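Report on one structure; see the data block that follows.
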Amino acid sequence: MHQSQIKLHSFVWYSNAIFSEDTFLKLEQIFIKQGGLALTEVKVSTNQYPLVIQIRHLWFGFTKEAIKSENIPDFITHYLLSSFSELQSELNYKPNKSNSCTKMSSKNQLAFYMKPFSKSYLFNFAKKQKVLPAKSTFILPKLLSGMVVSPFINIQKKRSFEWY
């Protein structure tokens with residue numbers, strides 16, 4: 001399969017768990033401190049803001065400059081949710097095959113809509129033999145696994161069984 005056939009999508013990270021008013025206020029403060037801009041219009045896309053966050057009824061957009069990296073999942077876990085381990089364990093994940101940031105459900109307490117990695121970033125990660133963050137990239141079409149993508153070896157030389 002040629003790399004031009006690969007389509008990269010992100011996951012939406014979301015939680016329907018009800019959290020306290022104190023947690024809500026702390027998250028709001030962290031989002032603003034880390035460069036989140038309060039959005040009045042929900043019809044934005046990840047082309048405008050690489051990261052859009054819904055927290056209850058509020059929406060925040062993060063620019064590329066605020067994130068300082070293409071690795072948005074790491075930004076979320078290390079800068080936005082680092083002191084909320086209980087909240088991280090409550091997150092669910094759903095592939096997002098569009099760039100729009102629409103409400104998945106009215107009962108979402110928290111949702112992260114992010115721009116997918118670029119192909120060059122993905123291939124550079126692979127060349128360095130690094131693993132992408134969990135639930136960061138949804139790749140279509142699904143790639144085959146196992147021997148098909150393993151390094152090719154001369155099978156004739158490796159065969160050591162004999163026929164009787």
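Within the bounds of the stretch 23-35, is there any residue that is surrounded by 12 or more Cβ atoms within 10 Å (Cβ to Cβ), modelled with pLDDT of 90 or more, among the charged types (D, E, K, R) and not in a strand (DSSP E or B)? Walk me through how you get there before you give the answer.
Step one: of the stretch 23-35, the residues surrounded by 12 or more Cβ atoms within 10 Å (Cβ to Cβ) are 23-24, 26-28, 30-32, 34-35.
So of that shortlist, the ones also modelled with pLDDT of 90 or more come out as 23-24, 26-28, 30-32, 34-35.
The next check asks that each one be among the charged types (D, E, K, R); those that pass are 26, 28.
Next, only the ones that are not in a strand (DSSP E or B) stay: 26, 28.
Yes - at least one qualifying residue is present in the stretch 23-35.
With the condition being at pLDDT below 75, I'd like the strands (runs of 3 or more DSSP E) fully within the stretch 59-164 carrying at least 2 qualifying residues.
Filter on the stretch 59-164 gives 138-140.
Name the residue that is nearest to Tyr113 (Cα to Cα), counting only residues in the stretch 64-100 that are among the hydroxyl-bearing types (Ser, Thr, Tyr), under 14 Å from the mean Cα position of the chain (by Cα) and surrounded by 14 or more Cβ atoms within 10 Å (Cβ to Cβ). I'd like the intermediate steps shown before the answer.
In the first step, residues of the stretch 64-100 are kept if they are among the hydroxyl-bearing types (Ser, Thr, Tyr); the result is 69, 77, 79, 82-83, 85, 89, 93, 98, 100.
Among the residues that remain, those that are also under 14 Å from the mean Cα position of the chain (by Cα) are: 69, 77, 93, 98.
Subset that is surrounded by 14 or more Cβ atoms within 10 Å (Cβ to Cβ): 77, 93.
Working: Thr77: 14, Tyr93: 11 Å.
Residue satisfying both the conditions and the ranking: Tyr93.
Between Glu65, Glu28, Glu70, Glu21, which is among the charged types (D, E, K, R) and under 19 Å from Ser10 (Cα atoms)? Walk me through how you get there before you give the answer.
Numbers: Glu65 fails: under 19 Å from Ser10 (Cα atoms); Glu28 fails: under 19 Å from Ser10 (Cα atoms); Glu21 fails: under 19 Å from Ser10 (Cα atoms).
Just one listed residue meets the conditions, Glu70.
Looking only at the stretch 107-130, count every residue that is touching a Leu at 6+ places or on another chain (Cβ under 8 Å) and either touching a residue at least 24 places away in the same chain (Cβ under 8 Å) or of a type in the set (Asp, Glu) (or both) and tell me the total.
So the count comes out to 10.
Identify, by number, the condition in (1) over 18 Å from Leu91 (Cβ atoms); (2) in contact (Cβ under 8 Å) with a residue 40 or more places away in the chain; (3) in a loop (DSSP other than H, G, I, E, B) that Ile18 doesn't meet.
Among (1) over 18 Å from Leu91 (Cβ atoms); (2) in contact (Cβ under 8 Å) with a residue 40 or more places away in the chain; (3) in a loop (DSSP other than H, G, I, E, B), Ile18 violates only (1).
The values are calculated or read from the model by the stated rules, or taken from the named source; none is laboratory data. For clarity, every value in this text was computed on a predicted model and none was experimentally measured. Because the Cβ atoms are built from the backbone with ideal geometry, glycine has one as well, and the counts that use them run over all protein chains shown.
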